[in-house]
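J.: Sharing a structure with you now.
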Amino acid sequence: MSPDLMEAPAGTTPERQVVMRAVGQAPSAEWVIVTRGLTREYDMGGEIVRALRGVDLAVKRNEYVAIMGPSGSGKSTLMNIVGCLDTPNEGEYWLNGQLVSEMGDDALARVRNKEIGFVFQTFNLLPRASALANVELPLVYAGVPAAERKQRAMEALEKVQLGERVHHRPNELSGGQRQRVAIARALVNDPSILLADEPTGNLDSNTSEEIMKVFEHLADSGQTVIMVTHESDIASHARRVVVLRDGRIASDETKAQFVARIGAGQHAH
Amino acid sequence: MPFFEAVRLALQTIRVQKLKSFFTLLGVMIGVMFLIAVVSIVEGMSDYVENDFAAKIIGTNTFDVSRAPSFVVDADEEQWRAWQRRPRLFDPEAEVVRNALPGDFRIARVNQSFLPATVPGLRPRSVQAVATDASYFDIKRFGLTAGRAFTQQEVATGARVVVIGSEVASYYYEGLDPVGRELRIAGLPYTVIGVIEEQGSVFGFSMDRLVIAPVTTPLTRAINPRGDIDFITVQAGNRELITEGMELSREALRGFRGLGPSEEDDFALTTSSAALSFFDGLKSKLVLFGTALPAIGLVVGALVIMNIMLVAVSERTREIGVRKALGARRRDIIAQFLVEASTLSIIGAMIGAACGVGLAKLIAAVTPLPASVAPWSLVAALIVGAGVGITAGIYPASRAARLDPIAALRQE
């Protein structure tokens, strides 16, 4: 992490002002994610850890956003809340017009199933199930009938160029192929957002590029993508980069601004 | 998650871990196997008793007058001693009963015991010796394959004659006509005058190994040295008359023995329905004890399944995290593990039921115990299997469902 990131201005760019206006207004169809003053504290054996200290964020439909930050910056916590795996102690989280910060366990499970497609660093495929069965899984929990499930899973796998390997198990696939199965699984339910957590963290650089191309292609075709990463060259594939520091948003820039700042910083040293 | 999906998933998990699954369901398998075997044998006995036993042992439309009840399920020490203190039955009592009853009742004094019988040149053998009246043959509906039964005249004169069962005939007089030949019972000679047709066996005990002689012969003293009577058996003309006959006999005997209104009977009246209720009591005990042991097997089976499921939950923590992230609700996770546990357990129960039927048939083939597999017991076995699985699965399943998806996903 470059020290320049730490000094980046927050809430000053015109883009950020647009975001802040969205945060201040009632949720609209244009903004798929709106968070207001998200706070999350953990009790770690008596010691209160403040992972998020009031995060205001808004993401438009079809945006491709990277969330960056060093470890301990709260980016994982933010991702868990955005992914509806966790709920904030304070603040509001509107996802696709629904106030999910107030929902219970089962309702959150529904939202995860319908609105969110997860892509994990470690792929998290079920080892004993075929690629097809893995991709079918979200549809199983959505209650889709078997025949339709299979058809939709096949289509999703074909989209990530794995139409030939649908009956392979994860251990019979390469890392890149596994991540593409995971992407197919994330997309099969037609989610509002694709949420990727360090999607290239376990891949070599060639395969990482390959996965980034898949993401780019998805973003081009109108999929909202949110990617959490600590690598700035991966983050710079996104079209907007949000940097978190100490549980707050440190910067919120376009890709061009981000690359220019990083580039300048790197040249300066 | 649809039920069928959960079953498919469970079968897949079981297929992948064949050996582990086999050991998991061993307890349930053994439990259900013995459960089915025990229930089949008890049912078989019960069928047998209802159809054959009561009529063969007690006779149709009959009741017995005796010192103590003939069929006792449970009686304490004191009760037994009280029965032992009761006066014995002698000929005068039999006479009292006979005089109290209308002429269409058949009455016979009966003494019976195992005594050695022999013919010269053959090893003595124990036979069921019965000393009785001539009417005994009518009461028991014994048909004869050779010779004749003795008459009441022969009883009156104490003729040393004997009617023998088919097994006695074939043992002592192989290839010969037994009629007119001598048989020594308890050391004294009797002349064989008839052979009873084959009666079969009750619980492996042959009903054809008997000899019947008049109650007035020395056989009575050989059985009961005091000369008393084991019991008086009374046959009514039809079923409806049994109760009336019992009441008449009771009143007459009470009068004869001078019992006051507040005193209890010092004799017992037993009907074949008493024998049946005796067996019902015995049956419920057999079922209780017979199922207690397999039940322990089932409890062990349940504990094993619970343990295996807990291991499965911790081994598959990450899988549970993934499923939750993809939209599985608590009830989906609970259903998954409950169905997995019950599928295991039901498969165990099915294998156990098959083995149990085999075991019952084997026991029926190699021992005198009858066995009849009741269809309800197979259904019960499956319900038990599912019940064990669900019970054993509840705790692991709820642990799995309560897992925090974030922590579960982070698990290595």
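J.: If I take the Cα coordinates of the range A:3-268 and project them onto the principal axes, what are the three extents in Å, biggest first?
T.: Computed over the range A:3-268, the largest-to-smallest principal extents equal 50, 46, 41 Å.
J.: Also, I was wondering about something else. Once both labels are modelled 7 Å past Cα along the beta-carbon direction, what's the A:Ala260-A:Asp246 spacing in nm?
T.: Computed distance between label sites A:Ala260 and A:Asp246 equals 2.7 nm.
J.: Across peptide A:118-125, how many C-beta atoms of other chains are within 10 Å of each residue C-beta, on average?
T.: Working: counts 5, 0, 4, 0, 4, 1, 8, 2.
So the per-residue partner count for this stretch is 3.
J.: Here is a further query. Which Cα, out of B:Pro92, B:Thr62, B:Tyr172, lies furthest along the positive dipole direction of chain B (beta carbon charges, K/R +1, D/E -1)?
T.: Towards the positive end, the residue furthest out is B:Tyr172.
J.: Of the beta bridges DSSP finds with both residues in chain A, what % are antiparallel, to the nearest 5? It would help to have the intermediate numbers written out before the result.
T.: On the way: 24 of 41 bridges.
Counting DSSP beta bridges with both partners in chain A, the antiparallel share is about 60 percent.
J.: Oh, and also: What are the ³J(HN,Hα) values, in whole Hz, obtained from phi via the Karplus relation 6.51 cos²θ - 1.76 cosθ + 1.60 with θ = phi - 60°, for each residue of the range B:379-389 in sequence order, with x given for Gly and Pro?
T.: Residue by residue, the range B:379-389 yields 4, 4, 4, 5, 5, 4, x, 5, x, 4, x Hz.
J.: Which of B:Arg402, A:Arg149, A:Arg110 comes first, and how do the rest follow, when ranked by fewest Cβ neighbours within 10 Å?
T.: Lowest to highest Cβ neighbour count: B:Arg402, A:Arg110, A:Arg149.
J.: Considering chain B as a Gaussian network with a 10 Å cut-off on Cα pairs, which listed residue, B:Glu78, B:Glu167, B:Glu251, attains the greatest mean-square fluctuation?
T.: It is B:Glu78.
J.: In debye to the nearest 20, how big a dipole does the protein assembly as shown give about its Cα centre with +1 on each Lys and Arg Cβ and -1 on each Asp and Glu Cβ?
T.: Here the size comes out at about 860 debye.
J.: Using R₀ = 22 Å, calculate the FRET efficiency as 1/(1 + (r/R₀)^6) where r is the Cβ-Cβ separation of B:Ser126 and B:Arg221; round to 0.05.
T.: E between B:Ser126 and B:Arg221, to the nearest 0.05, is 0.75.
J.: List, in order, the whole-Hz ³J(HN,Hα) value for each residue of the range A:230-245 obtained from phi through the Karplus relation with A = 6.51, B = -1.76, C = 1.60 and θ = phi - 60°; use x for Gly and Pro.
T.: In residue order, the calculated couplings are 10, 9, 5, 6, 6, 4, 6, 6, 6, 9, 8, 10, 10, 10, 9, 8 Hz.
J.: For the residue pair B:Glu198 and B:Ser398, what label-to-label distance in nm results when each label sits 7 Å from Cα along the Cα-to-beta-carbon direction?
T.: So the label points at B:Glu198 and B:Ser398 sit 6.3 nm apart.
J.: Given a Förster distance of 25 angstrom, what is the FRET efficiency for B:Asp91 paired with B:Arg239, based on the Cβ-Cβ distance and rounded to 0.05?
T.: 0.30
J.: Of all DSSP beta bridges located in the range B:106-235, what percent are antiparallel, nearest 5?
T.: 75
J.: Counting other beta carbons within 10 Å of each Cβ, put B:Ser113, B:Ser262 in order, fewest first.
T.: So the residues, fewest neighbours to most, are B:Ser262, B:Ser113.
J.: Most exposed first by the Cβ proxy, i.e. fewest other Cβ within 10 Å, how do B:Leu382, B:Leu409, B:Leu288 rank?
T.: Numbers: B:Leu382 15, B:Leu409 22, B:Leu288 10.
The most exposed by this proxy come first: B:Leu288, B:Leu382, B:Leu409.
J.: Given R₀ = 25 Å, what would the calculated FRET efficiency be for A:Ala146 paired with A:Glu30, taking r from the Cβ atoms and rounding to 0.05? Before the final figure, lay out each step's value.
T.: Details: r = 37 Å, r/R0 = 1.48.
Computed FRET efficiency for A:Ala146 and A:Glu30: 0.10.
J.: Per-residue mean of other chain beta-carbon atoms within 10 angstrom of the beta-carbon, peptide B:403-409?
T.: Working: counts 0, 2, 9, 7, 0, 1, 7.
Mean inter-chain Cβ contacts per residue within 10 Å come to 4.
J.: Local charge sum around B:Lys18 (other residues, Cβ-Cβ under 15 Å, Lys/Arg +1, Asp/Glu -1)?
T.: That works out to +2.
J.: So who's got an amide H within less than 5 Å of the one on B:Ala374, skipping anything under 5 residues away but keeping other chains? H placed 1.01 Å off N, in plane.
T.: Amide H neighbours of B:Ala374, under 5 Å, 5+ apart: none.
J.: Looking only at other chains, what is the average number of their beta-carbon atoms within 10 angstrom of each beta-carbon in B:314-326?
T.: Values: counts 0, 0, 3, 0, 4, 6, 0, 3, 10, 7, 7, 15, 19.
Average neighbour count from other chains, rounded to a whole number: 6.
J.: Okay, moving on. Based on alpha-carbon centroids, what's the gap between the range B:318-371 and the range A:37-53 in Å, whole number please?
T.: What the calculation gives is 45 Å, centre to centre.
J.: Read phi for every residue in the range B:304-309 and hand back ³J(HN,Hα) as whole Hz from Karplus 6.51 cos²θ - 1.76 cosθ + 1.60, θ = phi - 60°, with x for Gly and Pro.
T.: Running phi through 6.51 cos²θ - 1.76 cosθ + 1.60 with θ = phi - 60° gives 4, 4, 4, 4, 4, 5 Hz.
J.: Taking a ≥ b ≥ c as the square roots of the Cα gyration tensor eigenvalues, with a/c under 1.5 meaning rounded and otherwise prolate when a/b beats b/c, else oblate, which class fits chain B?
T.: Taking the square roots of the gyration eigenvalues as a ≥ b ≥ c, chain B is prolate.
J.: Can you give the charge dipole size of chain B about its Cα centre, rounded to the nearest 20 debye, using +1 on the beta carbon of Lys and Arg and -1 on the beta carbon of Asp and Glu?
T.: Charge dipole, chain B, about its Cα centre: 1960 debye, nearest 20.
J.: Can I ask one more? Using 0.36 nm per residue of separation minus the Cα-Cα distance, give me the extension gain between B:Thr118 and B:Val299 in nm, one decimal. Mind dumping the intermediate values first?
T.: Numbers: separation 181, 0.36 × 181 = 65.16 nm, distance 5.51 nm.
Residue separation times 0.36 nm, minus the Cα-Cα distance, leaves 59.7 nm.
J.: Could you tell me which residue out of A:Ser174, A:Val34, A:Gly91 lies farthest along the dipole of chain A toward its positive end? Charges go on the beta carbon: Lys and Arg +1, Asp and Glu -1, centred on the Cα centre.
T.: It is A:Ser174, whose Cα lies furthest towards the positive end.
J.: Where in the range B:239-339 are there chymotrypsin sites (Phe, Trp or Tyr not before Pro) that are in a DSSP coil and have at most 11 other Cβ atoms within 10 angstrom of their Cβ?
T.: none
J.: For A:Leu99 and A:His167, calculate 0.36 nm times their separation in residues minus their Cα-Cα distance, and state this gained length in nm to one decimal.
T.: This chain segment gains 20.6 nm when fully extended.
J.: Hey, another quick one. For the range B:81-125, what class follows from the C-alpha gyration tensor (a ≥ b ≥ c being the square roots of its eigenvalues): rounded when a/c is under 1.5, otherwise prolate if a/b is larger than b/c, else oblate?
T.: oblate
J.: Would you mind checking which residues have amide H under 5 Å from A:Asp86's amide H? H placed 1.01 Å from N; only 5 or more apart, or other chain.
T.: A:Ile81
J.: Let me ask something else. Please go through the residue pairs A:Lys114/B:Lys18; A:Lys114/A:Lys150; A:Lys150/B:Lys20 and name each one whose alpha carbons sit more than 29 Å apart in this structure.
T.: Cα-Cα > 29 Å for A:Lys114/B:Lys18; A:Lys150/B:Lys20; rest within.
J.: Classify the range B:78-203 from the C-alpha gyration tensor, please: rounded if a/c falls under 1.5, else prolate or oblate depending on whether a/b exceeds b/c.
T.: prolate
J.: Have a look at B:Gly103, B:Ser126, B:Gln152 and report the one farthest towards the positive end of the charge dipole of the range B:102-163, computed about the Cα centre with Cβ charges (Lys/Arg +1, Asp/Glu -1).
T.: B:Ser126
J.: Would you pull out the residues with amide H under 5 Å of A:Tyr64's amide H, same chain only if 5 or more places away, H placed 1.01 Å from N?
T.: A:Val225, A:Arg239, A:Arg240
J.: Moving to a separate point now. How much net charge surrounds A:Leu173 when only the other residues with a Cβ under 10 Å from the Cβ of A:Leu173 are counted, with Lys and Arg +1 and Asp and Glu -1?
T.: Combined, the nearby Lys, Arg, Asp and Glu give +3.
FYI, it's all coordinate maths here, none of it is from the lab. These figures come from a predicted structure and were not determined experimentally. FYI the Cβ positions are ideal-geometry reconstructions off the backbone, even for glycines, and counts take in every protein chain you see.
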